[in-house]
Structures are given as structure tokens and as C-alpha cells.
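Reviewing the structure listed below.
Values quoted throughout were computed directly from the atomic coordinates according to the rules given, and no laboratory measurement underlies them. This structure is a prediction, so every number in the text was calculated from the model and none was measured. Neighbour counts run over all protein chains shown; Cβ positions are idealised from the backbone, glycine included.
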Amino acid sequence: MFADRAKIYVRSGKGGDGHVSFRREKYVPSGGPDGGDGGHGGDVIFVVDEGLNTLIDFRHIRKYKAGDGEEGGKKNCRGKDGEDIIIKVPAGTVIKEAQSGQVITDMSGDNKRVVLLKGGKGGNGNQHYATSTMQAPKYAQPGQAAQELELLLELKVIADVGLVGFPNVGKSTFLSRVTNARPKIANYHFTTLNPNLGVVDLEGTGGFVIADIPGLIEGASEGVGLGHEFLRHIERTKVIIHIVDAAGTEGRDPIQDIYAINKELEAYNPEIAARPQVIAANKIDAIYTEDGSDPVEAIRAEFEPKGIKVFPMSAVTGQGVKELLYEVNEMLQGIGEETTVFAQEYFPDSMTGSVDDAYTVTYDEEEDEYVVEGPKIEKMLGYTNLDSEKGFTFFQNFLKDAGILEELESLGIQEGDTVRMYGLSFDYYK
Ligand SMILES: Nc1nc2c(ncn2[C@@H]2O[C@H](COP(=O)(O)OP(=O)(O)OP(=O)(O)O)[C@@H](O)[C@H]2O)c(=O)[nH]1
Ligand SMILES: [Mg+2]
């Protein structure tokens with residue numbers, strides 16, 4: 001398991017309830033309503049932190065909750081808002097809904113700050129509900145509910161060029177030679193466990209970013225070695241440098257190696273396999289063959305007819321490295337600027353506003369009453385003066401249009417039965 005995937009739970013803050021209270025004044029027998037509004041719940045906000053490059057922090061803390069809004073108080077006192085929670089992630093983090101795996105947002109490019117879950121709105125205090133006919137409203141609006149989601153965070157680094165190849169072929173050596181990055185280099189397999197990024201500062205060009213990833217081996221797509229999950233880090237790259245040990249220092253045949261790696265790329269994602277590729281025939285300083293044949297020529301003869309260019313090089317001595325870089329730069333120029341950005345597939349309720357439409361209709365056996373609840377109902381109750389005939393007709397029409405009457409009927413409601421909504425009760429008549 002790499003530190004570039006994490007599953008976390010997030011919850012926004014609940015809105016504080018509105019308050020019911022009445023003014024107490026000397027010589028005034030019963031004052032007007034002065035119940036304050038509830039505070040808003042805190043939002044769940046994701047921001048990009050350029051200083052981060054792994055999701056390791058999310059292995060230790062898995063639950064992230066914003067603060068709840070406080071209840072309103074007497075004397076029109078508004079409840080305190082709940083605190084937002086700000087979650088910092090590295091650039092290139094793709095946020096998905098955990099169950100479906102669908103993308104909610106891709107924290108890359110200009111997308112540096114996203115309100116993923118909005119806090120619930122605070123409820124209105126009873127100060128809002130006084131009307132000429134209802135002087136002493138005993139109703140206040142409850143705060144909106146909190147929202148929660150299980151999220152999958154996946155880091156897909158943003159680089160122009162990806163390095164692929166077997167372990168030990170010299171990927172990290174190459175990165176350290178051509179960029180400012182200083183990855184670990186060692187003569188054993190799987191030295192690299194997390195991706196390394198480096199910037200190539202090539203004379204006369206704008207430069208580009210290279211991602212060095214762990215080595216692949218045959219069967220990686222079935223989980224052999226480190227598996228192939230980390231290939232997600234080259235999903236956004238435009239060009240692939242396929243590094244092969246042309247000297248065959250571990251006894252493998254370079255041509256077979258190239259085919260084996262390409263097969264693994266294909267198994268992970270055919271789109272990556274189809275991306276423009278160049279072959280870096282590395283370790284030419286170590287080539288020795290008994291019959292004097294040139295393995296680089298063999299690689300060329302095999303792959304150049306397929307349109308893949310082959311560059312002999314030594315990442316250790318630096319021989320041939322410049323030629324390869326200029327070719328890659330040329331390829332990048334031809335492809336243009338845009339990086340792959342993952343489009344939104346999953347829409348949390350609070351991003352679309354549809355949370356306001358939700359309502360429930362239930363039957364309360366104990367009280368022998370039908371209960372209608374939901375934020376939209378509350379809102380309507382808040383706006384409507386039910387004491388006036390006009391207001392009441394308006395509210396009835398709303399119940400009909402929203403499909404609530406139909407639901408009540410399907411639950412078996414009879415004329416004269418009681419319907420309860422947020423502290424208001426009335427009898428049902430057609
Ligand atoms: N002779 C020679 N040795 C090289 C060359 N490039 C790399 N090496 C050596 O090969 C070994 C592996 O190099 P790394 O750069 O760590 O290889 P890697 O592909 O990043 O390996 P993993 O991270 O394990 O996948 C080290 O001992 C390097 O010194 C080269 O051009 N010539
Ligand atoms: Mg390495």
C-alpha cells in the first residue's frame with residue numbers, strides 16, 4: 001500500500017436550531033418574539049498545498065468533521081457559526097466518492113480550493129414568524145442537517161513525461177542526472193517506492209516535468225512485485241520514456257523486456273500504452289557481448305519500424321542524454337499544453353442544492369399522526385403565514401405540487417387524520 005491513496009470520512013457541520021423566546025419587558029405583559037437564528041454549520045473545504053507530495057497524513061487521521069452551528073438565543077442573539085474544516089492535499093489529488101469510485105473533483109491546475117460539503121444552514125428564530133395575525137409564534141426553524149461522505153483520495157501526479165521500465169534499469173539515475181530531483185539510487189530491485197518528480201531545465205526550451213515511478217515486472221497487473229497501481233502517476237503524462245537495460249546486466253533480453261512492460265501498460269490502461277513513447281537504451285557504458293554484436297542495433301531493428309525511436313545512452317556517464325531530452329521536448333511541443341483533468345461524475349447534494357428538495361413522509365404509530373419533515377418544508381413554513389387564508393391555500397398547493405399529498409395517501413391517510421410538521425399540526429381534508 002502506497003501513501004498515495006487514502007480513504008477518509010468527512011462531515012459538514014449541522015446548522016444550529018432557531019430559538020423560540022419572547023421579550024420580557026417591564027410593564028409589557030407579553031413581549032414580541034425574540035428568538036435568534038441558529039448559526040450555520042461549517043463547510044468541508046479541500047485546498048491544494050504545494051508543499052505536500054504524498055497522502056501520508058491521511059493514514060493517521062481518517063475522520064474530518066466541521067463544527068456544528070450553535071442554537072440561536074434570546075434577545076435575537078444569533079448562534080455562532082460552526083468552524084469550517086480545511087483539508088490540505090497535494091496538487092494532483094483526485095477526490096472520489098468511495099462506494100462508486102466516481103470522481104467528485106480533481107485538485108489540479110487552477111482548481112486549488114473546493115467546498116466539498118456545505119454546512120447546514122442555521123434555522124430562523126421565532127422572531128421571523130410574527131405576523132399581524134400571529135403575534136406569538138411558538139415555532140422556530142430547525143437547523144439543516146449535516147452531510148457526510150466517504151471519500152477516496154488518489155494522488156495522480158502532474159508531469160509531462162513518465163519513466164517506465166523494469167526495476168534497476170536506471171530510471172532514478174536518469175532523473176537525478178537530468179533534473180533537480182535527488183531520488184534514492186541503489187543496485188537492488190524496487191529502490192523507488194513512491195513517485196519522484198523532477199524539472200528538466202533544458203537550454204533554449206521551457207523545460208518540463210518528469211515522473212520517476214517504481215519498476216514494473218511481468219505480471220504486475222496480477223499483483224506481482226509492487227503491482228501496477230502506481231501507474232496512475234503517469235496517467236496524466238503526455239510522453240513516456242521507456243528505459244531498458246540495453247547491456248542486459250541482469251541477464252534478461254532487452255527486447256523481451258520492452259514487450260513485457262508494454263503488455264503491463266496495456267493491461268493497466270490501453271490509453272497509456274498508446275501514448276507516444278521513446279526507448280532509452282541505457283547502460284551503454286556497460287555493454288559487452290562475446291560475439292561483438294550491438295544490442296542497441298537489435299533494439300532499433302525491432303522497434304524503429306514500429307515508429308518508436310531508440311536513443312542509446314548512459315545515465316551514469318551522461319552520454320546520449322541530451323539527444324534524448326531534445327527529442328522528448330520536441331514531442332511535447334507537438335502535443336501542446338493541456339494536461340488530463342478528470343471530470344466530475346459524482347455530485348454531492350450540497351454541490352447541486354438538491355438537498356433542499358428532500359422530504360420524508362412517515363406515520364407515527366404512537367401518536368397516530370402523519371409526520372412530514374425536510375428542509376424544504378421548513379423553508380415553506382418559514383415563509384408562509386398559515387393564519388391567513390391565502391397563505392394556507394398556498395401551502396396546500398405546495399404540498400400537492402411537491403407530491404406530499406400523494407405520499408400521505410399512499411400511506412393510507414383518511415379524512416380527519418392529523419398531519420404534523422415541525423410543531424404544527426392540522427387535520428387532513430381533501
Ligand atoms: N553501468 C551503468 N549503471 C547504471 C546506469 N544507470 C543506472 N545504473 C546503475 O543501476 C542501478 C539501479 O539504478 P536506479 O536508478 O536505482 O534504477 P531504477 O530503475 O530507478 O530502479 P528501481 O527504483 O528499483 O525500479 C544502480 O546501481 C545504478 O548505478 C548506466 O547508465 N550505466
Ligand atoms: Mg528508482
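Brief remarks on what is shown
- Each of the peptides 165-171, 86-92, 408-414, 105-111 was scored by the mean count of other Cβ atoms within 10 Å over its residues; in descending order, highest first, they stand as 165-171, 86-92, 105-111, 408-414.
- Rounded is the label for the range 161-335, because the ratio a/c of its alpha-carbon gyration tensor axes (a ≥ b ≥ c) stays below 1.5.
- Proxy reagent accessibility, fewest Cβ within 10 Å first, across Phe311, Phe342: Phe342, Phe311
- Highest average first, the peptides 31-42, 218-229 ordered by how many other beta carbon atoms sit within 10 Å of their residues are 31-42, 218-229.
- Packing-based exposure ordering (other Cβ within 10 Å, fewest first) of Phe347, Phe46: Phe347, Phe46
- Neighbourhood net charge (10 Å Cβ-Cβ; Lys/Arg +1, Asp/Glu -1) for Pro33: +1
- Length released on extending from Phe190 to Asp401, taking residue separation times 0.36 nm less the Cα-Cα span: 69.6 nm
- Prolate/oblate/rounded call for the chain, Cα gyration tensor, a/c under 1.5 rounded: prolate
- Cross-link pairs beyond the 18 Å C-alpha cut-off, checked among Lys283/Lys322; Lys14/Lys118; Lys88/Lys238; Lys118/Lys138; Lys80/Lys112; Lys184/Lys309: Lys88/Lys238; Lys118/Lys138; Lys80/Lys112; Lys184/Lys309
- Each helix, a run of at least 4 DSSP H residues, gives -39500 (n - 2.57); summed and divided by the residues of the chain, these come to -5500 deg cm²/dmol at 222 nm.
- Radius 9 Å from Cβ of Val316, net charge of other residues (Lys, Arg +1; Asp, Glu -1): +1
- Neighbour cut-off at most 10 other Cβ (10 Å), DSSP loop, GluC sites (Glu not before Pro), the range 15-123: Glu50
- The ranking of Lys400, Lys156 from fewest to most other beta carbons within 10 Å of each one's beta carbon is Lys400, Lys156.
- Centre separation in Å (Cα based) which lies between the range 320-334 and the range 202-278: 17
- DSSP-assigned coil residues among GluC sites (Glu not before Pro) in the range 302-344, each with at most 11 further Cβ atoms within 10 Å: Glu337, Glu338
- Label zone at Glu203, where the point sits 7 Å out along the Cα-to-Cβ direction: the range 301-325 residues whose backbone N lies under 18 Å: 318-325
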